1. Part of a loop (DSSP other than H, G, I, E, B), among the charged types (D, E, K, R) and within 18 Å of D50 (Cα to Cα) - does that describe any residue in the stretch 93-115?
2. Taking the stretch 1-32, which residues are within 20 Å of R56 (Cα to Cα) and modelled with pLDDT under 95?
3. Regarding the stretch 124-143, can at least one residue be identified that is part of a strand (DSSP E or B) and under 19 Å from D50 (Cβ atoms)?
4. Considering the stretch 114-132 alone, what residues qualify as being surrounded by fewer than 24 Cβ atoms within 10 Å (Cβ to Cβ) and touching a residue at least 24 places away in the same chain (Cβ under 8 Å)?
5. Taking the options E40, E36, name whichever one is touching a Ser or Thr at 6+ places or on another chain (Cβ under 9 Å), on the phi > 0 side of the Ramachandran plot and not hydrophobic (A, V, I, L, M, F, W, C).
6. Please go through (1) surrounded by fewer than 24 Cβ atoms within 10 Å (Cβ to Cβ); (2) over 11 Å from the mean Cα position of the chain (by Cα); (3) not small (G, A, S) for T137 and return the number of the only condition it doesn't satisfy.
7. Looking only at the stretch 153-166, count how many residues are assigned to a loop (DSSP other than H, G, I, E, B) and closer than 17 Å to L94 by Cβ.
8. Within the stretch 52-70, track down each residue that is in contact with a helix residue (DSSP H, G or I) (Cβ under 9 Å, 6 or more places away or on another chain) and either among the basic types (K, R) or over 15 Å from L28 (Cβ atoms) (or both).
Amino acid sequence: MEPITRQNIEDSVAIVGSKHVTLAGQDLRHIDDLEEINLEGANLNETKLDRLKLSRANLKATKFDSASLQGTLLDGAELQGANFYRADLREADLSGAFLQKAYLGSANLRDALLVGADLSEANLHFADLRGADLRETKMAGIDLKGARYNEKTLWPEKLIPMMVGAIFERR
């Protein structure tokens, strides 16, 4: 079977609509550039997306459960209501991303860049935020209960993470 291409994905979206596209479990790391693609509501559970360029993509309500997005560029992406349960987002660039009401429970966001992202009403229960850069991030209504952070984690000015349920870890 031939590897999936950006054109294959866009053709399928044009025929059935993005909400009916499933790429669950696929390895898409060979594609490299999916900037500005529309995969709103698609199923990308357990998909390998490491180091892909998904900048400014429409990924609203997309399912990324247990997906691998290590080092992926998601800057400026529309991720409102997306589900990242147990997703690996280590070293991902989510700067300026729109993550309102996104679910990032148990997601690995170690060393991720979230500067200027909008995490309003997002759920980060038990997420790993060690080394993450969250400066200038909008956090109105965010749920950080059990989220882990360390001395390298950078928070929005004046936020005291332990007061909102985050847990400090020395490692």
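The values are calculated or read from the model by the stated rules, or taken from the named source; none is laboratory data. All figures in this text were calculated on a predicted structure; none of them were measured in a lab. All Cβ positions, even for glycine, are placed from backbone atoms using ideal geometry, and neighbour counts span all protein chains on display.
1. The answer is yes, given that some residue of the stretch 93-115 is part of a loop (DSSP other than H, G, I, E, B), among the charged types (D, E, K, R) and within 18 Å of D50 (Cα to Cα).
2. The answer is D32, and nothing else.
3. Yes, the stretch 124-143 contains at least one residue that is part of a strand (DSSP E or B) and under 19 Å from D50 (Cβ atoms).
4. R130, the sole residue that qualifies.
5. E36
6. Failed condition: (1).
7. First, the residues of the stretch 153-166 that are assigned to a loop (DSSP other than H, G, I, E, B): 153, 155-160, 165-166.
When the remaining residues are screened for being closer than 17 Å to L94 by Cβ, the result is 153, 155-156.
Residues meeting the conditions: 3.
8. N58, A61
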